[in-house]
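Asker: Just dropping this structure here.
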4 protein chains.
Amino acid sequence: MLVVMDVSATPRDVEAVCAEIRRLGFTPHAMPGASRTAIGITGNQGPIEAQTIRELAGVLEVIPVTKPYKLVSREVRPDDTVIRLPTGAEIGGKRLSVIAGPCSVETEERSLTIARRVRRAGATIFRGGAYKPRTSPYAFQGLGVRGLEILDLVRAETGLATCTEALDEESLERVAEHCDMIQIGARNMQNFSLLKKAGRAKKPVFLKRGMSATLSEYLQAAEYVLSEGNYQVVLCERGIRTFSDHSRNTFDVGVIPAAKNACHLPILADPSHASGKRYDIIPLARAAVAAGADGLMVEVHDRPEEALSDGAQSILPDQFDQLMLDVARIAEAVGRTV
Amino acid sequence: MLVVMDVSATPRDVEAVCAEIRRLGFTPHAMPGASRTAIGITGNQGPIEAQTIRELAGVLEVIPVTKPYKLVSREVRPDDTVIRLPTGAEIGGKRLSVIAGPCSVETEERSLTIARRVRRAGATIFRGGAYKPRTSPYAFQGLGVRGLEILDLVRAETGLATCTEALDEESLERVAEHCDMIQIGARNMQNFSLLKKAGRAKKPVFLKRGMSATLSEYLQAAEYVLSEGNYQVVLCERGIRTFSDHSRNTFDVGVIPAAKNACHLPILADPSHASGKRYDIIPLARAAVAAGADGLMVEVHDRPEEALSDGAQSILPDQFDQLMLDVARIAEAVGRTV
Amino acid sequence: MLVVMDVSATPRDVEAVCAEIRRLGFTPHAMPGASRTAIGITGNQGPIEAQTIRELAGVLEVIPVTKPYKLVSREVRPDDTVIRLPTGAEIGGKRLSVIAGPCSVETEERSLTIARRVRRAGATIFRGGAYKPRTSPYAFQGLGVRGLEILDLVRAETGLATCTEALDEESLERVAEHCDMIQIGARNMQNFSLLKKAGRAKKPVFLKRGMSATLSEYLQAAEYVLSEGNYQVVLCERGIRTFSDHSRNTFDVGVIPAAKNACHLPILADPSHASGKRYDIIPLARAAVAAGADGLMVEVHDRPEEALSDGAQSILPDQFDQLMLDVARIAEAVGRTV
Amino acid sequence: MLVVMDVSATPRDVEAVCAEIRRLGFTPHAMPGASRTAIGITGNQGPIEAQTIRELAGVLEVIPVTKPYKLVSREVRPDDTVIRLPTGAEIGGKRLSVIAGPCSVETEERSLTIARRVRRAGATIFRGGAYKPRTSPYAFQGLGVRGLEILDLVRAETGLATCTEALDEESLERVAEHCDMIQIGARNMQNFSLLKKAGRAKKPVFLKRGMSATLSEYLQAAEYVLSEGNYQVVLCERGIRTFSDHSRNTFDVGVIPAAKNACHLPILADPSHASGKRYDIIPLARAAVAAGADGLMVEVHDRPEEALSDGAQSILPDQFDQLMLDVARIAEAVGRTV
């Protein structure tokens, strides 16, 4: 259920409606839009009686939401969500956002070297795993807190915002302390406890699509975060699992316009994980932007052959320069900038 | 790397080898077998020097393990693992294990009614979700601790062992306290933090296959649990995600002989989630046992139309009776019992 | 649309209804059943006027068919179709049918050797490719007519019925001349021209499921054959294409009860193509029969390492003996025989 | 095996090498390139003795081909293949090729109306099915020869080249007579008899990717056509079958750079079949061109609600105008034109 407030409604009207919703045993989610405020209603206790709300001051209309996801849907919020990080970086506006960096944070020196290169080429957010979800228990599991400290240093030295993955409650708390954006990885897309925890964090959440998630499941996973009160969620297509074996995963570029159609959250693309092959990454990055993606997450490493993880899919800084030039031209062709 | 001890090796010999492995900076995993003990070696610090170990007393041979999973592999332990629950129920022996019960624990009365029916038909373990991983944040999320208390009651009244899903660290601790076996669900198959935590629990772990996990990824997920010292893991095929739309998931029956070939852990089948359609469940249960499964997990509900979750795929107690009769005949045909 | 005739309806009544259907511009398909005759109506010209037919002599009722397939559906014909080959072999009755033989017909001597072995173990139909659909144009394409002549010889010497694949109109005519059953392979499941041609042949059609066909598409492919007047179609599950990589294809055992539920045609299983791995074939054969399959198609070769195609998935004659023993026990457990 | 001729080799040298290859029992395929000629060698009789060829006049080197496909591979022919149709339309050059038109040819008037509109927007090739492969035998199967005559008329009136699908040997002959390019559809991608027949036709072949074909299988299907002597093959990605359900198929955009990397044939994209949803088609068209596609095939209909097939995925002429404007901007961004 969604309450649409009149353009003339006052903050007091909005608060009165929220209070009434709470009184009825539900949770209100006030979402201010460009011209008017909408209030999403969630709760587990069956249908709400619309009539009492419809009659409150400032209420324009009360409309049912037909999708299994509510707060993320375009029905509830027609305007695009734009997320602003403390460094000034924005995700979801006219300018594309590019998140770049190594798969794992390895050393201070290497991180700074890569960060300076990607910043120069136009990236605004630095990535690097401190807590790594690895298929094998015997593979490198990340530097942990030491990795977060290196990310702090990168931020201080370069002005880039930082984003890194949280794997569980403990790492989520630490990531939220140190970084500008909390990544939830593909393998945890339906780790609902972690999603709820992220919904109570005060930082934006970068939620990757699970490798066999349908769009509806993906949006419901985002809904878990919003339903806890955190409306700052960024989606990211990173390839799905299919029979097709020319690349590590199949980059489902069509999910970008489909997600844009169904929901108001920004969506980025991760061509590095989608492809797993270096020669594919630039064409996929171009395709993603052409299809309407709001930005990219790209793995960049200056010595991929020495990388502690995912070396084969990392591009070199020079290739990243080329990627940014290519993407800038595509961005312009679709009315955007980098 | 795997150390195979001589049949004549003493417990002291085994301990001396373990001590040496620890001294070298690795972790030993002593696995007593029917005739001899094997010691798996894991650790993150590169290859181990085999020579110093080969010369210790009681060591028959030191062999490299070629698979990405080690402790779960048949190379390391040729004998089948058999898991014994405190109620006397066994998983992995000649007798098939049948886990049955409702999708969610709902009420005391309903749980007891169903439990008595499934016990009478031959089930030895009761299932019922107390913490439910639901696609939508607005769906019924389970009774939590109250659910666990109902499971305790079922156990006390019927003598059935209990198994329920843990979603995160907190619920895992509680499940480990109350129940005989901890379920890790398909959506958490690569929640590596949870797997490690389960590896430190003192109860057997029932690990469901992720819906897009390859066999190798699945076995590596199990390896996470074993590598923390908990060797009591039960696998369960529950259907994978494919294009095929005649059922909710595609029951990958062939993974059963493939898993048996590659690893020593017991593997059950869950025809309820695999199919999602009531008429399919008995044929799939028969197929699983014919293919070599060590047992079944089946959703049973006496009023599926009132179930708080998964009603459409639950079978009625009478259908469960039929299933058990059918399965008993197949079991006999493959040299097993129920 | 389906016309169900009264039990007392005479052949003349049936003919009069068919004539009326033709007069209205549609095609009647009279399908005599155990107790009464049904007449399927197909045609491209929009809905038929039921009233004029309902009033004809001997008509019990006129019912709409709700599925995209009609003549193959259980709605149209509730009884199982049983197909009888000239050798006396039956497909679809209580007794399981086992089709066995090498992937390709290679030499007279080898074919006879294998045929005698599989007959002794209980197979009733011999398979062997004379026209081979090969992924590469440079791979062995089969012996063609010479292969068919060898199949004739096998039939004459052993009394086994024969089944081989047709690839196009020309080979279909030749196969129909020489063999007892015409195979349409997975890659041609939606080769609609070939299906129509097979529908005009006078021999039963063995139609394999396409590797990415849904059940509905599969049944509509069979419908192409029936709609041309050939009601003798045998289905065969042979594995579908998914991400799962422990076997060559994923054996979709659940499609067997689903097909049985939706249509009246017999369905066999081909564990050889489904698995591609020798150790898997017996467990999959057992699973198929346990799930309700009407029989099996199995690749058997006495020297798989010398086979001109598919050696790795062929089992040895001794393994086939074991398979037949195992399957016989499962068959008995589900109330059937071999 | 591949023979690379020296830049100074004469046509007579090339012929002498071909003669020697034939003498040894193999088939030579001379492929003139920008600067030098390569001669592919195919045949079924085992490895060829390289030494005798290496010593012939004009031979620079003899190199083994490591892929299962040969004549289509970049190893054999590093230059892009460019195909020229009699109307002057080119496929594979700097200018993108756009094939547009209705799913099925319906009437003369409608075909002409649509053709004029798409030509005006920049399409150079008209599509429209005369022989339709339909999942159901009761669906509209196309106008057949009458459809081909309408395509002739479109060509005469508009100057557009024509392309339509052939389903079998008979329709292939007719299509080759009437049209400028012969389409082999996704369902027939492994109809090897049809591929061989197309390899003996004198017209370019437009070969769509099968819905569950790997890239290697796809290129081997193209190899069937080339191995019969027809080197004019155009590839087309049209979506693959996966679990992802936000669109009819999953558009595998990554196969475009992968195919470009592996083979020298042009590759187009068909966003209409890939998506099945009108709002997706323009973004997918942009993505395809950004990823490096050599052009597009798009379904356009002026009255989609009245279309005899695939109305839901056809775009309106006005939308096609927009698509062409959008695509022109992307083309420019990647250094191409429309």
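The values are calculated or read from the model by the stated rules, or taken from the named source; none is laboratory data. Note that the coordinates shown come from a computational prediction; the quantities given were computed from them, not determined experimentally. Every residue, glycine as well, gets a Cβ built from its backbone with ideal geometry; the counts of neighbours run over all protein chains shown. For the accessible areas, the whole protein counts, side chains as well, though only heavy atoms, and no ligand, DNA or RNA atoms are used. Shrake-Rupley method; radii C 1.70, N 1.55, O 1.52, S 1.80 Å.
Asker: How big is the Kirkwood radius of the stretch A:10-116, worked out from every pair of different alpha carbons and given in Å to one decimal? Could you put the intermediate results ahead of the total?
Answerer: Details: mean 1/r = 0.0581 Å⁻¹.
Value: 17.2 Å, from the Cα pair sum.
Asker: Further question: Kirkwood Rh, Cα Rg: Rg to Rh for the stretch D:177-326?
Answerer: Rounded to two decimals, Rg/Rh equals 0.97.
Asker: Then there's this: Taking beta carbons within 10 Å but only from partner chains, what does the mean come to for residues A:196-202?
Answerer: Working: counts 4, 1, 0, 1, 0, 0, 0.
For this peptide, the per-residue mean of nearby foreign Cβ atoms is 1.
Asker: Using only Cα atoms, tell me the angle between helix A:278-290 and the longest principal axis of chain A; keep it within 0 to 90° and round to the nearest 10.
Answerer: Roughly 30 degrees between the two axes.
Asker: Let me ask you something else. List the residues whose amide H sits under 5 Å from the amide H of B:Thr164, counting only those 5 or more places along or on another chain, with H placed 1.01 Å from N in the peptide plane.
Answerer: For B:Thr164, whose amide H was placed from the backbone, the distant partners under 5 Å are B:Met181, B:Gln183.
Asker: Using a 1.4 angstrom probe on the protein heavy atoms only, line up D:Arg23, C:Arg95 by accessible area, largest first.
Answerer: The most accessible residue leads, giving D:Arg23, C:Arg95.
Asker: Then there's this: What is the diffusion coefficient of the stretch D:2-63 in µm²/s, taking the Kirkwood radius over Cα pairs and the Stokes-Einstein relation at 10 °C with a viscosity of 1.306 mPa s?
Answerer: D = 140 µm²/s.
Asker: If you don't mind, there's one more thing I want to ask. What is the sum of charges around D:Asp79, taking Lys and Arg as +1, Asp and Glu as -1, for the other residues whose C-beta is under 13 Å from the C-beta of D:Asp79?
Answerer: The answer is +2.
Asker: Still on this structure, I have one more. Rounded, prolate or oblate: which fits the protein assembly as shown when a ≥ b ≥ c are the square roots of the eigenvalues of the alpha-carbon gyration tensor, with rounded for a/c under 1.5 and prolate only if a/b beats b/c?
Answerer: In terms of gyration-tensor shape, rounded.
Asker: How much accessible surface does B:Cys18 have with a 1.4 Å probe, in Å² rounded to 10?
Answerer: Surface accessible to solvent at B:Cys18 totals approximately 10 Å².
Asker: Sticking with this structure for a sec: Under the rule a/c < 1.5 gives rounded, and otherwise a/b versus b/c splits prolate from oblate, where does the stretch A:60-202 land using the Cα gyration tensor?
Answerer: Oblate, since a/c reaches 1.5 and b/c is not below a/b.
Asker: Still on this structure: Please report the net charge: other residues with Cβ closer than 12 Å to the Cβ of B:Gly88, K and R +1, D and E -1.
Answerer: It works out to a net charge of 0.
Asker: Next question, about the same structure. Build a GNM of chain A with springs between Cα atoms under 10 Å: which of A:Pro266, A:Pro32, A:Pro137 gets the top mean-square fluctuation?
Answerer: With Cα springs under 10 Å in chain A, the top fluctuation among A:Pro266, A:Pro32, A:Pro137 is at A:Pro137.
Asker: Name the long-range amide H neighbours of B:Ile315: under 5 Å, sequence gap of 5 or more, or other chain; modelled H, no Pro or chain starts.
Answerer: B:Glu299, B:Val300, B:His301
Asker: Could you tell me which of rounded, prolate or oblate describes the stretch B:83-333, using a ≥ b ≥ c as the square roots of the eigenvalues of the alpha-carbon gyration tensor, with rounded for a/c under 1.5 and, failing that, prolate when a/b is larger than b/c and oblate otherwise?
Answerer: It comes out rounded by the Cα gyration axes.
Asker: List the GluC sites (Glu not before Pro) in the stretch C:15-84 that DSSP assigns to loop (not H, G, I, E or B) and whose Cβ has at most 15 other Cβ atoms within 10 Å. Which are they? Numbers along the way, then the final one.
Answerer: Values: sites: C:Glu15, C:Glu20, C:Glu49, C:Glu55, C:Glu61, C:Glu75; in loops: C:Glu49, C:Glu55, C:Glu75.
Within the stretch C:15-84, the qualifying GluC sites (Glu not before Pro) (loop, at most 15 other Cβ atoms within 10 Å) are C:Glu49, C:Glu55.
Asker: In sequence order, what are the phi-derived ³J(HN,Hα) couplings for the stretch D:329-336 according to the Karplus relation 6.51 cos²θ - 1.76 cosθ + 1.60 with θ = phi - 60°, rounded to whole Hz, with x for glycine and proline?
Answerer: Values per residue, Gly and Pro as x: 5, 5, 4, 4, 5, 10, x, 10 Hz.
Asker: Note down the accessible area of A:Thr113, probe 1.4 Å, to the nearest 10 Å².
Answerer: In the full protein context, A:Thr113 sits at about 60 Å².
Asker: Which angle from 0 to 90°, rounded to the nearest 10, does the C-alpha axis of helix B:108-121 make with the longest principal axis of chain B?
Answerer: Orientation of helix B:108-121: about 70 degrees from the principal axis.
Asker: Taking θ as phi - 60°, what are the ³J(HN,Hα) couplings along the stretch D:86-101 by the Karplus curve (6.51, -1.76, 1.60), each to the nearest whole Hz, with x for Gly and Pro?
Answerer: x, 6, x, 4, 10, 10, x, x, 5, 7, 5, 9, 10, 9, 9, x
Asker: Over the stretch B:115-202, what is the relative contact order in whole percent, taking alpha-carbon pairs under 8 Å and six or more residues apart? List each step's numbers first, then the result.
Answerer: Working: 114 pairs, mean separation 22.5, N = 88.
This gives 26 percent for the stretch B:115-202.
Asker: Would you please give the residues with an amide H less than 5 Å from that of D:Ile240, counting only those at least 5 places away or on a separate chain, with H modeled from the backbone geometry?
Answerer: D:Thr250, D:Phe251, D:Asp252
Asker: Hey, any idea what % of the stretch D:83-333's accessible area is carbon plus sulfur with a 1.4 Å probe? Don't skip to the end; give the middle numbers.
Answerer: On the way: 3170 of 7100 Å².
It is 45 percent, rounded to a whole number.
Asker: Shifting gears a bit: Before I look further, what does the protein assembly as shown give for accessible area per residue, probe 1.4 Å, in whole square angstrom?
Answerer: For the protein assembly as shown, the per-residue accessible area is 34 Å².
Asker: Give the calculated FRET efficiency between C:Phe140 and D:Arg116 to the nearest 0.05, with a Förster radius of 60 Å applied to their Cβ-Cβ distance.
Answerer: With a Förster radius of 60 Å, E is 0.75.
Asker: Continuing with this model, one more query. Can you give the helix-only mean residue ellipticity at 222 nm for chain B, where every DSSP H stretch with n ≥ 4 adds -39500 (n - 2.57) and the sum goes over all residues, rounded to the nearest 500 deg cm²/dmol?
Answerer: About -10500 deg cm²/dmol.
Asker: Could I ask something else about it? Count the lysine pairs in chain B whose Cα atoms sit under 15 Å apart, keeping only pairs 8 or more residues apart in sequence or on different chains.
Answerer: Lysine pair count for chain B: 4.
Asker: Report relative contact order for chain C in percent, whole number only (criteria: Cα-Cα under 8 Å, sequence separation at least 6).
Answerer: Once normalised by length, the contact order is 16 percent.
Asker: Give me a comma-separated list of calculated 3J(HN,Hα) values for the stretch C:204-218, in order, Karplus coefficients 6.51, -1.76, 1.60 applied at θ = phi - 60°, integers in Hz, x for any Gly or Pro.
Answerer: x, 10, 9, 9, 7, 6, x, 6, 10, 8, 6, 4, 5, 5, 5
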